[in-house]
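To keep things clear, I will list the structure first and then write my remarks on it.
The values are calculated or read from the model by the stated rules, or taken from the named source; none is laboratory data. Just so it is clear, the structure is predicted and the values come from calculations on it, not from any experiment. Cβ atoms come from the backbone with ideal geometry, glycine included; neighbour counts cover every protein chain shown.
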């Protein structure tokens, strides 16, 4: 079934639809809401955003878009197995690529993916390797030939660390994956979720009400968070990740996203001068919803709901509408 014309066949589209459903199903086999820096509903959203962004990058970088579609869909297929970092003799265990190895976090239920994971003996392997092996097995089951399976496998293997021989297809996925997790509005949303989750844990540990804090101290928190912490975070991402990107298109998109995010955070900070109106109708109303809707949310669903209902009901400001539109564009992978 190797198709050298870089165009998805009707059969490809049918298989991708089934694989997308399988990926979504797989992430729900674990009952843990939070593991490391991610919550359960984050990972599928991330995969779909990465696929869209990789497609945009790949179209400009001469990637094989057919291979890229499959690799992007499956690149994190085994991510949920990543539990705590594995430590032996007081040292974190590293794989051959220098990545920390995670303890196996077993699922509560089984499906095709988990059965393959067990059959292939993939415990205590990093998800770029285990995912490449599961992806290969799935594609073979669908009748794809070895050349196609190998091409997809190599792209998935490189999505955490490109090789000197990595193709534009692999580099497009690497850049998309790196950008989505670290640069732009989806990454900002992820930072909000991680920050609030940690704070909530701290309040619970002290036996204090986090909801009471949010009711009484949200403005003060946002003043510190948006005025100091996020600008420093943005600058850190600029220094740490822009140089890691491997394609001109990836670097261009990352720079544009950083500029947009900086502009939006500056506008949010300005809204704090009139907090009551802003928290009801402005950009800050969107941030407030993100903070309050804390249990295992989906960014895609949040933005969809805000676009369909909140804007009309709350008479959103122009700034709030612009922020929603920018979220929608970055979720869709628009350059």
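List of remarks:
- On the stretch given as segment 100-125, residues that are surrounded by 13 or more Cβ atoms within 10 Å (Cβ to Cβ), assigned to a loop (DSSP other than H, G, I, E, B) and free of Cβ contacts under 8 Å to residues at least 40 places away in the same chain total 5.
- Scanning segment 261-271 for residues that are touching a residue at least 24 places away in the same chain (Cβ under 8 Å) and surrounded by fewer than 17 Cβ atoms within 10 Å (Cβ to Cβ) yields a single hit, 262.
- Criterion violated by residue 52 - all others in (1) surrounded by 14 or more Cβ atoms within 10 Å (Cβ to Cβ); (2) not in a helix (DSSP H, G or I) satisfied: (2)
- Set 299, 279: member being more than 30 Å from residue 61 (Cβ to Cβ) and in contact (Cβ under 8 Å) with a residue 60 or more places away in the chain: 279
- Each residue in segment 226-237 was checked for being surrounded by 14 or more Cβ atoms within 10 Å (Cβ to Cβ) and either farther than 30 Å from residue 158 by Cβ or more than 18 Å from the chain's Cα centre (by Cα) (or both), and 4 pass.
- Candidates 266, 223, 246: the one that is at pLDDT 95 or above, part of a loop (DSSP other than H, G, I, E, B) and either within 28 Å of residue 163 (Cα to Cα) or over 20 Å from the mean Cα position of the chain (by Cα) (or both) is 246.
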